[in-house]
Structures are given as structure tokens and as C-alpha cells.
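As C-alpha cells, the structure follows; a few thoughts come after it.
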Amino acid sequence: MTVTWEELGWERLADGVGRCRLPGWDCTAGLVLGAGGALMVDAGSSLAEGARLHEAARRLAGHRVTHLALTHPHFDHVFGAAAFEGAEVYGAAGTDSLFAPGGQEREALRADAVAEGLDARAAREAADALVPVRQDVRGEQRLDLGGGRQLLLADVGPGHTSHDLAVLVPGSPAVVFCGDLVEESGEPQAGPDAVPSGWPAALDRLLDLGGDDALYVPGHGAVVDAAFVRAQRDALAVRFGVSR
């Protein structure tokens, strides 16, 4: 028996589309339901958090998650991925190379998670269990979840990282999952893997995807509108000295 979004503490955004704000780092996890499949957007910050997300998704969808889109390769968005066993995993082109077993990038993710406060054992378990990204999205890729539910996955970066993936869910309203290209609960974070010179243009691509009337779902914080994304784009251009 399925339940409502609200009963599980999720926010319904549109028909068959919702998200929750996870404790700790206030990360967004999104869910899109179709007649034949379910897409999770981002996987949480640990295997335990991923398992809780998958259980909630099962209850909302009535079946397991069939597809998982990782918006960017930071621990708080990907460390729960192994909890979605059997799901087809999508990421922006090049993401999979960062998850190579024994690689420096995987170790860097683990170290960053511990530095940010994740339990060291949980961080090691999640890093060791990282799943391959079998679907490298180059440009744009359509995904059919059945029942007329057509999604668009787009490699819109670089910006927050070199591997930024957005998910467009057409409808009234359209919903755009932005990852950390957009943040509402604080200033956008630019770590060592950010590409500041490309970030404003990445937000232009987000706006092209969703248009003026879409709901834009940030990686952290409350859902925003196109005007907020434009304002953040302009602020980033000034902050990073990018000519518009």
C-alpha cells in the first residue's frame, strides 16, 4: 500500500514528483514516479541514509527505485548509492572515472566526508561500496519511466564541479533538479573541484531547460523560482569575475 508524500515527511512538487530535505547537511533527495519505473535524484550521505531513502521511495512508488541520477560527485549526494541495488545509475560524463576502486578521488571523497563530520566507519563503508555510473550523460539524454513520464537528463556543467547533472521533469509546473549548482540555504559552495568560470553559464543552461515558470530544486535549501536562479547567476558572475 502506498502512502502520501506528506505522511513520509516529503514535499510534493507536482504530480508524481517530490523531494525531501535530509538532516545534517540539508541535502535534497528527489523522486520521480512513472507507470513503469521510479527515478531517485541523489542518494544521501551514507549507506544508512540511502537505505532509508530507498525504503521511503518503495512506499511512495509501490516498487523499488529503477533509476538513480547523481547530480555531482560529492559525498553528501552519492554515498548512499549502493543502497539502490539494481538501479541504473546516471551521472554527468566522466563521473564514473572518479569512483574507480582504490583511486585517489574515492579516497578524497572519504576524507572530505570525515572532515565534514560523517562517522569515519560509515564514510569508509560508503566509499568502498560506491557503485559504477553505467550511464554517462553527454549533452542530453531522455529517460522514459512509463505512462507518459518522459524526463530529460542534462550535463549542464562545469560549474559547482566538473560533472554537474540536472534533471528536468516536464509538466505544469516543470521541475528542475539542479544539484549544488543552485543553493538556497547558504552561499553556493566552491570547493577545489569547482569551475567558477563556467558556473554562470551552467545556470544559463538550467534556465534554458526549465524556463520562467519551472520550480528549481536546489541541492540545499528551499525550492526556488527562475528569478532566484538568475539572481544567483549574476551574483556568482560578480563573485568570480566572470564577464557577462
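The values are calculated or read from the model by the stated rules, or taken from the named source; none is laboratory data. All values derive from a computational prediction rather than experimental measurement. In this analysis, Cβ positions are derived from the backbone assuming ideal geometry, glycine residues included, and neighbour counts consider all displayed protein chains. Quick note on the areas: whole protein, heavy atoms, side chains included, nothing else; ligands and nucleic acids left out. Shrake-Rupley method; radii C 1.70, N 1.55, O 1.52, S 1.80 Å.
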Output the qualifying pairs, or none if there are none: Cβ atoms under 8 angstrom, residues six or more apart or on different chains, first residue in region 13-25 and within 14 Å of residue 151 (Cβ to Cβ), second residue hydroxyl-bearing (Ser, Thr, Tyr). 14/172
With the checklist (1) aliphatic (A, V, I, L, M); (2) assigned to a helix (DSSP H, G or I); (3) buried (at least 21 other Cβ atoms within 10 Å of the Cβ); (4) in contact (Cβ under 8 Å) with a residue 60 or more places away in the chain in hand, flag the one item residue 127 doesn't pass. (4)
Looking at this structure, is residue 133 surrounded by 14 or more Cβ atoms within 10 Å (Cβ to Cβ) and not in a strand (DSSP E or B)? yes
Taking region 89-124 on its own, how many of its residues are open to solvent by 50 Å² or more (accessible area, probe 1.4 Å), under 25 Å from residue 202 (Cβ atoms) and in a loop (DSSP other than H, G, I, E, B)? 1
Applying the selection to region 26-35, what residues are over 28 Å from residue 114 (Cβ atoms), touching a strand residue (DSSP E or B) at 6+ places or on another chain (Cβ under 9 Å) and either touching a residue at least 60 places away in the same chain (Cβ under 8 Å) or of a type in the set (Lys, Arg) (or both)? 32, 33, 34
Residue 91 in contact (Cβ under 8 Å) with a residue 24 or more places away in the chain and more than 17 Å from residue 43 (Cβ to Cβ): no
Kindly provide the set of residues from region 190-244 that are hydroxyl-bearing (Ser, Thr, Tyr) and closer than 23 Å to residue 41 by Cα, ordered by number. 216
Could you grab me the full set of residues in region 78-100 that are in contact with a Gly (Cβ under 8 Å, 6 or more places away or on another chain) and under 16 Å from residue 57 (Cβ atoms)? 80, 81, 82, 83, 84
Count of residues meeting criterion [within 19 Å of residue 19 (Cβ to Cβ), open to solvent by 10 Å² or more (accessible area, probe 1.4 Å) and not in a strand (DSSP E or B)] in region 220-244: 5
Under 6 Å between Cβ atoms, at least 6 apart or on separate chains: pull out the pairs that start in region 188-203 with a residue that is within 14 Å of residue 156 (Cα to Cα) and end on any residue that is at pLDDT 95 or above and in a helix (DSSP H, G or I). 196/240; 199/236; 200/233; 200/236; 200/237; 203/229; 203/233
